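The values are calculated or read from the model by the stated rules, or taken from the named source; none is laboratory data. Predicted model only: the values in this text are computed from it and were never measured. All Cβ positions, even for glycine, are placed from backbone atoms using ideal geometry, and neighbour counts span all protein chains on display.
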Amino acid sequence: MQSEKDKKAKLYSRYPLSSVLIYNGTTILHFLLGGIGIALGYSFSPWAYTFGVLYLVLSFVEMYVVMPLTVCPNCVYYRAKDSLCVSGLNVLSKKIAKEGDLKDFPRRAAGLFCPNNLYLASLIVPILAMIPALIVNFSVVLLLIFLGVVGLLLFRFFIIFSRIACLHCRAKYECPQAGAMGVRNR
Ligand code: SF4
C-alpha cells in the first residue's frame, strides 16, 4: 500500500533548470517593470527616475544580496551536496556567506523587518506606488505595466509558490512561507 509520504509531491534536491529560470525570470521582470512603472508614473516629478532606480536597486539587493547572506546559510540547500534550490541562491550563498544553523531558518519570518517581509515589500511596493500615479498621471502604458506587475504577483503566489517552488522544496517543513502557502502536507 502506498504510504502517505509516497503520495506527496516529490521533493527536489536539484530543481529542474526550467523552475530556476521561471522563478528568476519572474522575479527580475517584476523588479524591472516595477522600477519602470514608478519612474513613468511619477514622470511629472524631477525625482521620478531616482525613485524608479532606487526601487530597482533595493529590490535586487534584497533578493540577490540580503537573502543569500542572511537566509540561505540556514537552509537545508546550503549544506546538501550538489543541490540547487529554486532560486539558485544556495549556490551564490555558498560563495559569499558562512554556513549558519538549520534551527535558525524559521527566523527569516521573525520581526517587522525580517527578510520575508522585505521580500514581500519588494514585490508589493511598486503596485502600491503605481495606484496613485494611475490616478494623477494616467496613461495606457502605465496601466499595462501595473496590470503586468499585479499579474506577476498573482502568478508567483498561485503558480510559483504553490506548484513550482515551495511544493517541491526540501525546506518546506521548516519554512514559514511554505506553512503560510499550505503546501507542507501536499
Ligand atoms: S519553502 Fe518556498 S520559500 Fe521556503 S525555502 Fe522553499 S522555496 Fe523558498
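Cβ contacts < 7 Å: first residue touching a residue at least 60 places away in the same chain (Cβ under 8 Å) and more than 16 Å from residue 88 (Cβ to Cβ), restricted to the range 154-175; second residue more than 8 Å from the ligand (Cβ to nearest atom) and in a loop (DSSP other than H, G, I, E, B), any location; separation 6+ or different chain. Result? Within 7 Å, the pairs are 167/9; 167/186; 172/184.
Only a single item in (1) in a helix (DSSP H, G or I); (2) hydrophobic (A, V, I, L, M, F, W, C); (3) modelled with pLDDT under 95 is not met by residue 183, and it is number (1). From the list 178, 133, the lone residue that is more than 25 Å from residue 38 (Cα to Cα) and not aromatic (Phe, Trp, Tyr) is 178.
Of all residues in the range 68-88, those satisfying the criterion of being touching a residue at least 24 places away in the same chain (Cβ under 8 Å) and crowded, with 22+ Cβ neighbours inside 10 Å are 68, 71, 72, 74, 75, 77, 85, 86, 87. Being more than 15 Å from the ligand (Cβ to nearest atom), at pLDDT below 95 and surrounded by fewer than 21 Cβ atoms within 10 Å (Cβ to Cβ), is that true of even one residue in the range 113-125? Yes, the range 113-125 has at least one match.
Set side by side, the residues 164, 145, 96, 135 differ, and just one is away from the ligand (no atom under 16 Å from the Cβ), surrounded by 16 or more Cβ atoms within 10 Å (Cβ to Cβ) and either modelled with pLDDT under 95 or of a type in the set (A, V, I, L, M) (or both), which is 145.
Let me confirm something: among 25, 100, 52, which residue is without any contact (Cβ under 8 Å) to a residue 40 or more places away in the chain and part of a loop (DSSP other than H, G, I, E, B)? Give the derivation first.
Numbers: 25 fails: part of a loop (DSSP other than H, G, I, E, B); 52 fails: part of a loop (DSSP other than H, G, I, E, B).
None of the others qualify; the one that does is 100.
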